[in-house]
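Enquirer: My structure is below; once you've seen it, I'll send some questions.
The values are calculated or read from the model by the stated rules, or taken from the named source; none is laboratory data. Source: prediction; values computed, not measured. So basically every Cβ, Gly included, is an ideal-geometry build from the backbone, and we count neighbours across all protein chains shown. The protein model used for the area step is the full one, side chains on, heavy atoms only, and it has no ligands, DNA or RNA in it. Shrake-Rupley method; radii C 1.70, N 1.55, O 1.52, S 1.80 Å.
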Amino acid sequence: MSTVPRLAQETWDCMLPGPPSRNNGGSIDCSTSGLLAYGAGSSVSIIDTRSMQLVTVLPMPAPSGNSSSSSSLSSSSSSSSSSLLAPFVTCVRWTPQSLRRDILTHEPSNSHLILAVGDRQGRIALFDFRLKHVLLWMDFDPPSNSKLGVQDLCWIRVKTDSWILASINGPSLLSLWNTFNGRCIWKYDSSPEYFSCIRRDPFDFRHFCVLGLKGFLLSVKLVGDGEDDVVIKEHQIPINESNELLKLERESALNPSTPALAAFPHYIVKFCFSSQWKHILYVTFPKELLVFDLQYETSLSSTALPRSCSKFIDVTPDPDSELLYCAHLDGKLSTWRRKEEEQVYTMCTMEELMPSIGTSVPSPTFLAFVLCQSESTLRSVRNLYPDMSPTSAISMDYSNPSDSSGESLVVSKINIISVSDDGKLWCWFLTAEGARDRSSLSSNTTVSETTFADTKSSTKDVSIDGPVLDASKESEPINVISSRLLSTTSPNVKLSFKISLIGQLQLLSSTVTVLAVPSPSLTATLARGGNNPAVAVPLVALGTQGGTIDVIDVSANAVAASFSVHNTIIRGLRWLGNSRLVSFSYSQANEKAGGYINKLVVTCVRSGLNRKFRVLQKPERAPIRALRASSSGRYVLILFRDAPVEVWAMTKNPIMLRSLALPFTVLEWTLPTVPRPSQNVSSSRQSSFSSKEHTTLTPASVVSSTSASTEDSKATNSEGSTDDTSESFAFALVNGALGVFEVHGRRIRDFRPKWPSSSFVSSDGLVTAMAYRLPHVVMGDRSGNIRWWDVTTGVSSSFNTHREGIRRIKFSPVVAGDRSRGRIAVLFYDNTFSLFDLDSQDPLANSLLQPQLPGTLVLELDWLPLRTDKDEPLVLCIAGADSSFRLIEVNMYVSRFS
């Protein structure tokens, strides 16, 4: 992992993915080096399975006019293409190519770090994980407009250094792709059969099979890399439960481009090749496990799933023993053991892969699991070198312990990763141990030797058939093989299974609904009696649809804590200083009583304790529509829909100060005071906001730069010299009127600002967004106009963005010596955003417009207030509509995006 540079700490560019869902089709894969890739929304998350830490996130680029013409998406694409959303990732597959060991080159090889990614719109991209770059797009020639979603992917080796990528597109199309030029070289349509999955033969990497929902099995072998070098053979697996699928087909109105997993999400058919026997397949239908022999084209056994067990969703073999692991729809893992001298499997044990912690409602859904091959790889190394020193770490770790009464064998040691839709990844360590009498060794060894010799007595070309470690099974000492087979199949051997949770990773738990960034003022700690000002902390809080609050440590790009606070969607979230959060949700009361039940909760980030306030016995007529917390965390404004605004003092036991029965549209507290400029700053420095009119409004009184700077300094000094407990908030009314109120203790009074000219009041647009930092108030309306006003001088100005209505305005943080104090981020109602510098002569001309995040709509945004020096970059926090969280390093002229 040291070869992958960690840029998040150096550039602040980082990303946390949203939680995966069934729309991702259970897409998961683990490389032999221990890198786990899984689909989460429209991104691919890469996890180090050893440390269970997030390594990086690869966002799938948005669709463009010709995705195959370039390997990356330019940030200067047109706004029309930026409006296209990146579709769900539905399949991921690491290349099986091993790490190159060429001692004549000094360039690092990325050949083993190539990841194939397929999405719901039928696009296939080859990512270079190390460079986070799309190397190649796979596209039909001519390009298809049907957008056949990708169901599954599989790498097929045709030569020593040549690979073909097989894919299932749509419900029934099998395609083979040239991985050098991205062209489709062969297609097979199985209509009306629905293809389900592709698997490669571990004994011959040129051979693979494709299975359909109705038991149709296509066997394919590549004897070259041309269209005429494909040899196919069709089989039919008999099934006993076709009625359920027929019923689902009749009830559903299918899109002809929809893959089977999207069309029938609860009817999943999977298969895998045996890792011990040639030509043997293990097939799972929802309620049935079958063993199929490809060579004799017949079903060897069929086992019905017990009624008490949930449906199968996946099956995979143990790489070193004759055990099968099956995942079930309810999040359980069943282990199956082969009977001696038969291809019949019986269930041994059933384990939980998703332990229930707390009482989350709704309960999380199990999505996928995967086996990590690192244990098997080390075991194969030991088998390749049987004369290894007994004191070596590998030899000691995999030696089978024994006791005086018999021989105890570690049949299997495997790591399993499970994924659920609440953003949790669980790492399990599963061991299977068996004991047998020494007297049974001689009689059983002969049977195992004969069986193994008949099954695997063929010559393999290692460069074509499989990797070196797979070839170790051929050269493995026969006594080692027979002892392993005996330990799993002999009827007088008792197997004991033990599963242990050894690691967990928590990412974003649910769909993000709100974002909150702490901006504590210098008085934020006084409420607790301290004398030191509150420090800015590298934390961001996200409210989710599931009612949890995820606190993100942006310095580590990780979820620091997750609090279950509400039972429904969190609709508002604000920091109280830097250690407490206030949030709200509401739900409708029963139909007879009517009204709404509003829930307000204060959460302590340090202790995790939740305390409700404003608890009423009866439902209310109006729901809460917004929360606004002051920078000190002392006061909270609660806005209701068609009801008076309440002002609360957030003491240990919150107290309502008064209600304000005015028709507010928006209101915002003032941000923390801007630091005083240093003494060596020139007095002729440009004013914080230019007073020049940018629209046809009647000009307000224009003051000189020196005068404006002096007034700013006075405003700053006056705020610093007044009582620290005084805070103010600006507001706009339905009729367009503006105002500023000041809260001092329990008193609320008019701030008495100097009003702008009468033409400043908007007549064509309702004020929908506001930002306030003394002495300036910035407003946006539903017509896309931005207006700003100096409350101490009355100077005002405005311009039109020529965009849709404005939903949010955020001032960028300012430090001493900054050349501008007028930089703002503006979020529009179409979920796009722009950055403006109101200190410039023409803010519209010097703005950064969309697209900045192609393929992603922005749900919420705010600035990260951690700058301490004017040379440090601005950092913008983004909550995407795809539930991802991103940090973007911003320069008003050059921008870098994660």
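Enquirer: Any idea which of SER190, LEU300, TRP277 is furthest toward the positive side of the dipole for the stretch 174-303, if Lys and Arg beta-carbons carry +1 and Asp and Glu beta-carbons -1?
Expert: Working it through, the farthest residue towards the positive pole turns out to be TRP277.
Enquirer: Rounded to a whole number, what % of the accessible area of the stretch 110-243 do carbon and sulfur atoms account for, probe 1.4 Å? It would help to have the intermediate numbers written out before the result.
Expert: On the way: 2350 of 5060 Å².
With neighbouring chains kept in place, the figure for the stretch 110-243 is 46 percent.
Enquirer: Could you give each residue of the stretch 819-830 its phi-based ³J(HN,Hα) in whole Hz, using Karplus coefficients 6.51, -1.76, 1.60 with θ = phi - 60°, and x for Gly or Pro?
Expert: Each residue's phi maps through the Karplus curve to give 7, 9, 10, x, 7, 9, 10, 10, 9, 9, 5, 8 Hz.
Enquirer: Between VAL615 and VAL815, what is the label-point separation in nm under the 7 Å Cα-to-beta-carbon projection?
Expert: Modelled inter-label distance: 4.4 nm.
Enquirer: Could you go through the stretch 188-204 in sequence order and give the Karplus-derived ³J(HN,Hα) for each residue, using 6.51 cos²θ - 1.76 cosθ + 1.60 with θ = phi - 60°, rounded to whole Hz, and x for Gly and Pro?
Expert: 9, 10, 9, 3, x, 6, 9, 6, 10, 7, 10, 9, 9, 6, x, 9, 7
Enquirer: Right, something else. Whole-Hz Karplus ³J(HN,Hα) for the stretch 592-599, in order, using 6.51 cos²θ - 1.76 cosθ + 1.60 and θ = phi - 60°, x for Gly and Pro?
Expert: For the stretch 592-599, the Karplus-derived couplings read 5, 6, x, x, 10, 9, 8, 10 Hz, x marking Gly and Pro.
Enquirer: Let me ask something else. How much of THR431 can a 1.4 Å solvent probe reach, expressed as accessible area in Å² and rounded to 10?
Expert: 20
Enquirer: Hey, another quick one. Residues with amide H under 5 Å of PHE285's amide H, sequence separation 5 or more or different chain, H placed in the peptide plane at 1.01 Å from N; which?
Expert: Result for PHE285 returns LEU290.
Enquirer: For LYS278, list long-range residues whose amide hydrogen, built 1.01 Å from N in the peptide plane, is under 5 Å from its own amide hydrogen.
Expert: Under 5 Å from the amide H of LYS278 lies no amide H from a residue far enough along the sequence or on another chain.
Enquirer: In square angstrom, what is the accessible area per residue of the stretch 759-846 with a 1.4 angstrom probe?
Expert: Per-residue value: 28 Å².
Enquirer: What's the ranking of 20-29, 227-236 by average number of surrounding C-beta atoms within 10 Å, highest first?
Expert: Output ranking for 20-29, 227-236: 20-29, 227-236.
Enquirer: Please give every one of the lysines within straight-line cross-link reach of LYS498, meaning a C-alpha to C-alpha distance under 17 Å, and leave out same-chain neighbours fewer than 8 residues apart.
Expert: LYS332, LYS413
Enquirer: For LYS339, project a label point 7 Å along Cα to C-beta. Then give me every residue of the stretch 280-309 with its amide nitrogen under 14 Å of that point.
Expert: What the label zone holds, given the 14 Å backbone N cut-off, is 291, 300-304.
Enquirer: Within the stretch 606-621, name every residue whose backbone N is under 13 Å away from a label modeled 7 Å from Cα of ALA556 along the Cβ vector.
Expert: Under cut-off, by backbone N: nothing.
Enquirer: Further question: How much of the accessible area of the stretch 576-624, probe 1.4 Å, is carbon plus sulfur, in whole percent?
Expert: 49
Enquirer: Figure the gain on full extension for ARG606 and ARG747 (residue separation times 0.36 nm, minus the Cα-Cα span) and round it to one decimal in nm.
Expert: In short, 47.6 nm is gained.
Enquirer: Follow-up. Determine the per residue accessible area of the stretch 529-594 with all protein chains present and a 1.4 angstrom probe, expressed in square angstrom. Please list the in-between numbers first.
Expert: Details: 2650 Å² over 66 residues.
So the stretch 529-594 comes to 40 Å² accessible per residue, rounded to a whole number.
Enquirer: Leaving ligands, DNA and RNA out of it, report the carbon-plus-sulfur percent of the accessible area of the stretch 253-311 at a 1.4 Å probe. Don't jump to the answer; show the numbers that get you there.
Expert: Details: 1210 of 2300 Å².
The nonpolar share, carbon plus sulfur, comes to 52 percent.
Enquirer: Measuring with a 1.4 Å probe in the full set of protein chains, what accessible area per residue, in whole Å², belongs to the stretch 186-260? Write out the running numbers ahead of the final one.
Expert: Working: 3630 Å² over 75 residues.
Result: 48 Å² per residue.
Enquirer: Something else: Given H placed 1.01 Å from N in the peptide plane, which residues other than close sequence neighbours of THR768 have an amide H under 5 Å from its amide H?
Expert: GLY780, ASP781, ARG782
Enquirer: Put a dot 7 Å past each Cα toward the Cβ at SER308 and LYS233; how far apart are the dots in nm?
Expert: In this crude label model, LYS233 to SER308 measures out at 4.2 nm.
Enquirer: Under a point spin-label approximation (7 Å from Cα along Cα-to-Cβ), what is the VAL223-THR651 distance to one decimal in nm?
Expert: If labels sit at VAL223 and THR651, their model points lie 8.9 nm apart.
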